[in-house]
Amino acid sequence: MKHEKNRRYSHKIWLLGALMLPLVGCNGGVSGITPTGYQDAYRVSLTNLGYEVDTTGKITIPAVTAILTATAGAPDVRELDYTAVLLNGNGDPAAVDNSPIVPASGTLLVGGKGGYRCTGATPETACTPTSADAVWSNNGSWAANTVASKAVTPGEWAVANIGAAKEGNTAQWYAEFTYTAYMSTGSKVSWKQRYQFTNPAKAGS
């Protein structure tokens, strides 16, 4: 009898827990399971990563436009930093006169938005994960996540690429970026992305 009573008691607790679960999120804001792993939560697109050189040898390096896209459920980003190295056609760090090029580094953006959007009357500037009309969503359209006219390409990268081309090494070069996102949750996540290092890379292309 005692075991039977314990089973009935446990069954009641389970039912109570099951009934309580759907109530999560009823006070507005996004609901459901909040992701706990953010390794693939963000991606960055870059335009105009490279340089152009005219017939006189003058090098022009256009600024890039960067767009941060957050996957559904990813938190806001307080700051996004980067470190970047140039890789030659063999995938090795590029060099000038046998000296490694110092990695480029800096802050790409501050105050980025995460993986959600507001579907009602809440304006973008006021939309947060706790807004009543907020839903999880892959989002790269936040105005705060677009950075235009950002200088990230060191002149040494262009010089190294031009020198290699004069020696007949015309294989595609790449820039490997290591990003670190400092999230609004107090955590951070890092990841790598590679981009073609192009010539010519013209502003507005």
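Structural remarks
- Amide H partners (placed H, <5 Å) of G115, local residues excluded: G73, A74
- Share of pairwise Cα separations in region 74-205, more than 27 Å, in percent: 36
- Using a simple spin-label model with pseudo-atoms 7 Å out from Cα toward Cβ, V159 and V110 lie 3.1 nm apart.
- Per-peptide average of other Cβ atoms within 10 Å, ordering 43-56, 73-86, 158-171 highest first: 73-86, 43-56, 158-171
- With a Förster radius of 45 Å applied to the C-beta separation of I59 and S190, the computed FRET efficiency comes to 0.90.
- Close amide H pairs (under 5 Å, H built 1.01 Å from N) link L87 with A94, Y174, A175, E176, residues at least 5 positions away or on another chain.
Readers should treat all values here as calculations from the given coordinates under stated rules, not as data from a laboratory. Keep in mind that what you see is a predicted model, and the values were worked out from it rather than measured. Because the Cβ atoms are built from the backbone with ideal geometry, glycine has one as well, and the counts that use them run over all protein chains shown.
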